[in-house]
1. Any idea which of (1) in contact (Cβ under 8 Å) with a residue 40 or more places away in the chain; (2) within 26 Å of HIS212 (Cα to Cα); (3) in a loop (DSSP other than H, G, I, E, B) is the one GLY246 doesn't satisfy?
2. Can you report the number of residues in the range 184-215 which are aromatic (Phe, Trp, Tyr) and either touching a Gly at 6+ places or on another chain (Cβ under 6 Å) or open to solvent by less than 30 Å² (accessible area, probe 1.4 Å) (or both)?
3. Among the listed residues VAL286, VAL218, identify the single one that is over 17 Å from LYS154 (Cα atoms), crowded, with 16+ Cβ neighbours inside 10 Å and under 30 Å from the mean Cα position of the chain (by Cα).
4. State all residues of the range 128-165 that are open to solvent by 40 Å² or more (accessible area, probe 1.4 Å) and in contact with a Phe, Trp or Tyr (Cβ under 8 Å, 6 or more places away or on another chain); if no residue qualifies, say none.
5. Is it true that ALA258 is part of a helix (DSSP H, G or I) and open to solvent by 70 Å² or more (accessible area, probe 1.4 Å)?
6. Out of the helices (runs of 4 or more DSSP H) lying entirely within the range 93-205, which hold 1 or more residues that are more than 25 Å from the chain's Cα centre (by Cα) and farther than 25 Å from ASP227 by Cβ?
7. May I ask you to say which residue of LEU253, LEU278, LEU230 is within 22 Å of MET153 (Cβ to Cβ), free of Cβ contacts under 8 Å to residues at least 60 places away in the same chain and either open to solvent by less than 20 Å² (accessible area, probe 1.4 Å) or not acidic (Asp, Glu) (or both)?
8. Kindly provide the set of residues from the range 261-275 that are open to solvent by 70 Å² or more (accessible area, probe 1.4 Å) and either at pLDDT below 95 or of a type in the set (A, V, I, L, M) (or both), ordered by number.
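The values are calculated or read from the model by the stated rules, or taken from the named source; none is laboratory data. What you see is a predicted model; the values in this text were computed from it and never measured. Here Cβ is always computed from backbone atoms with ideal geometry, including for glycine, and neighbour counts include all displayed protein chains. Note: areas computed on protein heavy atoms with side chains; ligands, DNA, RNA excluded. Shrake-Rupley method; radii C 1.70, N 1.55, O 1.52, S 1.80 Å.
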Amino acid sequence: MSLNRGRYGLEWNPRQDEPKSSGLGWIVLAVGLVAVVSFSVTWARRVRASAQEDAASESTAPSARPVARPPAQTVAAARPAEPPPAVVPTVSRDVTEKRPPRVRNLLLRLEEAERQRDVEMAVSTIEQIRALPGSPAADLDDALARRLGTLNMKRLFERKTPLWVRQVEVRRGDSASRIAAENGSTFASFARLNGGDVGTVRLGSKVYVMAHPRFTLVVHRRTRTADLLLKEKFFKRYDLVKEPTGKAGAYELPRGAAAFWKSLGVSFRAPDQTEIDLLMPVGSSVLVSEM
């Protein structure tokens, strides 16, 4: 405090001797606020990360995982693995236009049948193309034959076409094996036609069975292929693992097919062998050709 000359003479100035503020307090306050904000942000991020880790661990916990159950042990387990469907060759428009009109029209019809998923129309068209005199579509024949085989399997086991399949009523004393044998079919094909689980058949129920199928397998030595015929009509084509070593001629499929195929030196891929065993009953014809 001091006395100073003022507007009205000597005046008392009470703040004259007080030190001026340096602004240090504001700086300390600002630094403190920054530290609090930084700590809050860091804490919030850690809480969020912890929540995400907990959610991830809960989603992969053993109690949340689906329990793998073993497949039912039924006849369906013996069903052969189905290969991917053969692809009908894509023929360019230029090549199609150069073919005879009859072939061109049938190829366009087949393309339309495949687009509409019309199985019967596709089968009919392929058979007509393969039956044309002079084999004007010989370059497409193998692919067409394999596609036809895939369609025929679908017609047999999915559509149960009346051409090859009929329904019979289960009578007293019937069993699955007895019904299959009485209709000249294999037990495996009977099981597949009826959903696989045929351990028991109910009296009075109706079941599907192949009606005395007459299968013939023609083994072609040179091309290493085998064509399966059903009632003397092409059904499906298979590849051989190697060239057969047995003699050409006509044979009858006996019981114990594995030893029979081995004696002829005829070997198939495992899925194909399973499928052939499923389709061909004992007594079916086997022809080994030099061609």
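1. (2)
2. 2
3. Going through VAL286, VAL218 in turn, just one is over 17 Å from LYS154 (Cα atoms), crowded, with 16+ Cβ neighbours inside 10 Å and under 30 Å from the mean Cα position of the chain (by Cα): VAL218.
4. Answer for the range 128-165, where residues must be open to solvent by 40 Å² or more (accessible area, probe 1.4 Å) and in contact with a Phe, Trp or Tyr (Cβ under 8 Å, 6 or more places away or on another chain): ARG130, LYS160.
5. Against the criterion (part of a helix (DSSP H, G or I) and open to solvent by 70 Å² or more (accessible area, probe 1.4 Å)), ALA258 qualifies.
6. Of the helices (runs of 4 or more DSSP H) lying wholly inside the range 93-205, those with at least 1 residues that are more than 25 Å from the chain's Cα centre (by Cα) and farther than 25 Å from ASP227 by Cβ span 93-97, 101-116, 176-182.
7. LEU253
8. ALA270, the sole residue that qualifies.
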